[in-house]
């Protein structure tokens, strides 16, 4: 299959590129390298350096030349704080850039697209045991609003143009190549602090919990979604939730527990620094993954302790 991975030089995207190549696909990476890293690139993939949110004609020219069969869309502005400080800039990248991509898919006759969404930012605070795909959508940041908007645009493009799609709503993804300088990767941040001897900071009481999923499991979920995309799009969808799948482990881990596990993994004993809670931070995020198990055949292979053993 001829696959385009946007954001393929980034943390998650680069693992997807490896997975598609290992499957025998031909892979092109589209990345502007604003946050992606050249060292993440698999040498077997071809890089096209292009800004999705820029002038759309170069993008369309690329699509008309290459005849992509599948697009996997992971290019994004992922900093929640930046989205709060500059919501228009966030929307330009995450909404307008995606619309340019969808238009190119339609005009070039691409069969389907997989979109990386986020369970945590869409569902907000989880009131019950875990959030299923049909849970109320309560994004608390412009970044979350943009993710939700794109899901609606995908739904509309399917109705108007017949564009097949699947949305994967991730838990907190961690693993090799994650940037410890960002705000989204607490595992990478803690590991970097512990290794460097700098103090790690835990905000609030540290009992806020997340569903941590290893990037290898996320890559496998994307391959399964790629295989089942056409089948799952054969019937009309009544809502954005029908073609959306939570990708997590179904296990909630507190920040305190995560820090303890990392200390054990790295064979270090260093207390974290406590800091006041951050305004608006979710206290609990846990995804119900039964739909992905039933329709995609996805079952995570790594619990958190095993996954932490695979860090760089």
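I need the full set of residues from segment 288-306 which are in contact with a helix residue (DSSP H, G or I) (Cβ under 8 Å, 6 or more places away or on another chain) and crowded, with 16+ Cβ neighbours inside 10 Å, in order please. Correct list: 292, 295, 296, 298, 300, 302, 304. Quick check on segment 201-215: of everything there that is buried (at least 19 other Cβ atoms within 10 Å of the Cβ) and not in a strand (DSSP E or B), which residue is farthest from the chain's Cα centre (by Cα)? Once the filter is applied, the top-ranked residue is 208. In segment 68-91, which residue that is in contact with a strand residue (DSSP E or B) (Cβ under 9 Å, 6 or more places away or on another chain) and modelled with pLDDT of 95 or more is nearest to residue 120 (Cα to Cα)? Applying the filter and picking the extreme gives 74. Report whether or not residue 122 is crowded, with 21+ Cβ neighbours inside 10 Å, assigned by TED's automatic domain parsing to the domain that holds residue 40, under 18 Å from the mean Cα position of the chain (by Cα) and assigned to a helix (DSSP H, G or I). So residue 122 passes the test. When we screen 264, 257 for residues that are at pLDDT 95 or above and either within 30 Å of residue 196 (Cα to Cα) or not in a loop (DSSP other than H, G, I, E, B) (or both), the only hit is 257.
Considering 219, 225, the condition of being within 26 Å of residue 310 (Cβ to Cβ), in contact with a helix residue (DSSP H, G or I) (Cβ under 6 Å, 6 or more places away or on another chain), assigned by TED's automatic domain parsing to the domain that holds residue 14 and assigned to a helix (DSSP H, G or I) is satisfied by 219 alone. The set of residues from segment 244-286 being surrounded by 15 or more Cβ atoms within 10 Å (Cβ to Cβ), on the phi > 0 side of the Ramachandran plot and out of contact with any strand residue (DSSP E or B) (no Cβ under 8 Å at 6 or more places or on another chain) is empty.
Return yes or no: is residue 147 part of a helix (DSSP H, G or I), closer than 25 Å to residue 250 by Cβ and without any contact (Cβ under 8 Å) to a residue 60 or more places away in the chain? Here the answer is yes, as residue 147 does meet what is asked. Tell me, which residue of segment 177-195 that is surrounded by fewer than 17 Cβ atoms within 10 Å (Cβ to Cβ) and in contact with a helix residue (DSSP H, G or I) (Cβ under 7 Å, 6 or more places away or on another chain) is modelled with the lowest pLDDT? Among those residues, the one meeting the criterion is 183.
The values are calculated or read from the model by the stated rules, or taken from the named source; none is laboratory data. Since this is a predicted model, take the numbers as computed values, not measurements. Glycine also receives a Cβ, built like all others from the backbone with ideal geometry; neighbour counts cover every protein chain displayed.
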